[in-house]
Amino acid sequence: MSTFKNVSVLEHPVVARDLSILRDQSTDIVGFRKAMARIANILAYSALKELPLREHSINTPITETKGYAIDTEVIVVPILRAGLSLVDAIIEFIPDAKVGHLGMYRDETTHEPVDYYSNLPDGVAEGQVLLVDPMLATGGSADDAIGFLKKQGAQNIRFISLICAPEGLKRITEKYPDVSIITAAIDEKLNDQAFIVPGLGDAGDRYFGTL
Ligand code: PRP
């Protein structure tokens, strides 16, 4: 947990090492993608901890026993583009997860999100929605995305992010106290261009090589 209600921060030596690789400006695209994939796995595994289970009966080669299945549909919703870097890790654990896409980028002058695409599968209202974006800065994009998902009826939303600024966390936790957040780091602050400090630069640009 953190000082923000409903926000948990991963604490693990492998996460601390990989975060440092991601923050380091000398890390190349291959190293960046590999570190992102490792952290994404741990974030996904941790974020899935509260999934409901359904009991059923199974037969081992020896006897009948209790088995378990995930008792909800899982819908992953990446905020494009950078959120795509976290999707595969969730699909590794939940191979039948559906994926909805929300396209938005942050206007470099106003720092406000600009929506350009949305495509959600059925089941958002009943299922477990995992909204994913590696960066939570002002919180404008997450605010927009959560508002949109709620309008579609989503009731169980979990936000998975790699690095969060306190400013963005304050905004989201105050406005959406029912949305739980899992992250690998809460950084110091935003600078005057609304970049996370110390941060890692622009996750999307570094992941996709559009620097
Ligand atoms: C970045 C990031 C978040 C957003 C965070 O996306 O991936 O979506 O900014 O900022 P906010 O909390 O202030 O809204 P960007 O606009 O760089 O687009 P990209 O994913 O296409 O790189």
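Coordinate-derived values only; no laboratory data. Model, not experiment: these values are computed from the prediction. Note that we place each Cβ from the backbone using ideal geometry, even for glycine, and neighbour counts take in every protein chain shown.
Among GLU126, GLU108, what is the fewest-to-most ranking by other Cβ atoms within 10 Å?
GLU108, GLU126
With point charges of +1 on the Cβ of Lys and Arg and -1 on the Cβ of Asp and Glu, referenced to the Cα centre of the chain, which listed residue (THR27, ILE196, ILE62) lies farthest in the positive direction of the dipole?
ILE62
Label the range 44-125 by shape, choosing from rounded, prolate and oblate, from the square roots a ≥ b ≥ c of the eigenvalues of the Cα gyration tensor; if a/c is under 1.5 it is rounded, and otherwise prolate applies when a/b is larger than b/c, oblate when it is not. Don't jump to the answer; show the numbers that get you there.
Numbers: a/c = 3.82, a/b = 3.05, b/c = 1.25.
Here the range 44-125 falls in the prolate category.
Determine the dipole magnitude for the chain: charges of +1 sit on the beta-carbon of Lys and Arg, -1 on that of Asp and Glu, nothing else is charged, the reference point is the Cα centre, and the result goes in debye to the nearest 20.
Here the size comes out at about 300 debye.
Amide H to amide H under 5 Å from VAL132: which residues, 5+ apart in sequence or cross-chain, H placed 1.01 Å off N in plane?
Excluding prolines and chain starts, which carry no amide H, the hits are VAL77, ILE79, ILE160.
Could you check what % of the DSSP bridge pairs in the range 1-109 are antiparallel, to the nearest 5?
65 percent
For the chain, which DSSP H helices look membrane-span-like by this rule: Cα extent along the axis of 24 Å or more and mean Kyte-Doolittle of at least 1.0?
The answer is none, since no helix passes both cut-offs.
Please give the contour-minus-distance gain from VAL114 to ASN59: 0.36 nm per residue of separation, less the Cα-Cα distance, rounded to one decimal in nm.
Full-extension gain reported as 14.6 nm.
Of the beta bridges DSSP finds with both residues in the chain, what % are antiparallel, to the nearest 5?
40 percent
Could you bin all the Cα-Cα distances of the chain into 10 Å bins starting at 0 and give me the percent of pairs in each, rounded to whole numbers?
All Cα pairs considered, the percentages come to 8, 35, 36, 14, 5, 2, 0.
For every helix of n ≥ 4 consecutive DSSP H residues, a contribution of -39,500 (n - 2.57) applies; sum these over the chain, divide by its total residues, and give [θ] at 222 nm rounded to the nearest 500 deg cm²/dmol.
Value at 222 nm, helices only, nearest 500: -9500 deg cm²/dmol.
I'd like the distance between the alpha-carbon centres of the range 180-200 and the range 26-99, rounded to an integer number of Å.
Distance between centres, Cα-based: 24 Å.
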